Amino acid sequence: MGKRKIGIELIEDKKKRIVAFFKRRKGLFHKASELQSFCNVQTAIVVFSPAGKPFASVSDASSMNVVIEKYLKNISSGDESFDAVAVTCEAEETKTVKQDGGFWWKTDKNCSIEDLLYLKNRLELLRENLRCRLNELTASSSSQ
């Protein structure tokens, strides 16, 4: 039996879902490792299992904190970085999104400045929540 295309939907069977998670997590970490090797970039990935257990993958020459702090520093340096991320997201979206769907960051070209400011505030809140959660995980893993 060869590879076959599967639909992107929740796997109902719990055992199959767990198996799929571990296989895909391994593939994701492998791709991040390849990206680091081929392109000489720093990578950091955090994935939570269905049970809530965190798994992390970090490029060889750096630690998770170094990569995250570098990312947060670039994001918080000003609105120019925010605009650059928005342009990058839009470019990725045009490559990958089907016509019938969209990502949560897809906005109407005619949205108001209030809507954009609200989106920016929500993204900043998300960044802070991510920073806090990663600090908790780092603290708990270093105390063990």
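Take the Cα atoms of the stretch 1-61, build their convex hull, and give its volume per residue in Å³.
Given the Cα convex hull of the stretch 1-61, per-residue volume reads 117 Å³.
Any idea how far apart Ala139 and Val46 come out in nm if each label point goes 7 Å out from Cα toward Cβ?
Reported label-point gap for Ala139 and Val46 is 1.3 nm.
Laboratory data are not the source of any read-out in this text; all were calculated from the coordinates shown. Keep in mind it's a predicted model, so treat the numbers as computed, not measured. A quick note on method: Cβ atoms are made from the backbone with ideal geometry, for glycine too, and the neighbour counts reach across all protein chains shown.
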